[in-house]
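Okay, so here's the structure we're looking at.
The values are calculated or read from the model by the stated rules, or taken from the named source; none is laboratory data. Note that this is a predicted model, so its numbers are computed, not measured. FYI the Cβ positions are ideal-geometry reconstructions off the backbone, even for glycines, and counts take in every protein chain you see. SASA here: full protein model, heavy atoms, side chains in, ligands and nucleic acids out. Shrake-Rupley method; radii C 1.70, N 1.55, O 1.52, S 1.80 Å.
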Amino acid sequence: GNWVDTQRQARKKGRLGDERTARLEAVGFVWDPFDAAWEDSYHRLEAYHAERGDCLVPFSYATADGDKLGSWVNTQRKARKNGGLSEERAARLEALGFVWDLLDAAWEDSYRRLEAYHAERGDCLVPQSYATADGDKLGTWVNTQRRARKKGGLSEERTARLEALGFVWDPPDAAWGDSYRRLAAADAE
C-alpha cells in the first residue's frame, strides 16, 4: 500500500519516469482511486437508469454486490449543493436525468397528475381520499397545497401555475358560490 501511494505521489510531482508510468499503466494501475470509485459508481447508476428508467435511487438501495448506490447518489446531491461537484460530473449526471431536488421532482410529478385529472374531469376539485390508478394520493397532495398557501409556504410561481389550471383554494366557499348562482338564475326565470 505504501509503495503504491509512493508511485502516485511520485507521478503527481513529476518524478516518475515515462517508462515506469507506462509499466504501471500496462497492469491497470489506478492513479486516482477516488476518481476511479466515482466512475465505478457512475457506471452503476447508468445501469440502474437503463434498468428502471430513472435515477431516483432510494437512499438504502445497494447493488447486488453490496455497493451502496443510494448513498452515493445522495452524496452527489450534497456535493453539488456545497459546490464540491465539478461541472463536468454534474453535466454527466444531468445527461442521465439525475434529479437534484427530490421535493421539487415530487411536486412536479403531482402537478402533472393534477393536470391529467383536470384534463379528464374538467376541474381540480380532487376529493381528499382520491388516489390515482398507481396509488398516488393526489387528493392528499391537493389539500397539502391548500394548507401550504394558507400558511404562506407556497411560492408565487407554484400558486400561479395551480391557478392557471383552475385550482380552487376554498372548495366549500366555491360550492356555496355555485349554489348561490344557480339559485339566483332560477329566481330570475
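Looking at the chain, the accessible area is 68 square angstrom per residue; that uses a 1.4 Å probe and ignores ligands, DNA and RNA. Excluding ALA164 itself, what net charge comes from residues whose Cβ is under 13 Å from its Cβ, given Lys and Arg +1 and Asp and Glu -1? Residues near ALA164 contribute -2 overall. Computed in the context of the full set of protein chains, the accessible area of the chain at 1.4 Å probe radius has 51% of its extent on carbon or sulfur. The local environment of THR140, defined by Cβ-Cβ distances under 13 Å, has a net charge of +3 under the rule Lys, Arg +1 and Asp, Glu -1.
Report which label in (i) 100, 31, 22; (ii) 66, 51, 28; (iii) 60, 35, 30 holds the value of Cα extents along the principal axes in Å derived from the coordinates of this structure. Read-out from the structure maps to (i). A straight line joining the Cα centroids of region 9-60 and region 98-112 runs 30 Å. Length available on full extension from LEU96 to ALA22: 0.36 nm per residue minus the Cα-Cα distance, which gives 23.3 nm. Length available on full extension from SER179 to ASN2: 0.36 nm per residue minus the Cα-Cα distance, which gives 55.5 nm. Note: relative contact order over the chain, using C-alpha pairs below 8 Å and six or more positions apart, is 10 percent. For ASP40 and ASP104, what does the FRET efficiency come to when R0 = 45 Å and r is the distance between their Cβ atoms, rounded to the nearest 0.05? The value I calculate is 0.95.
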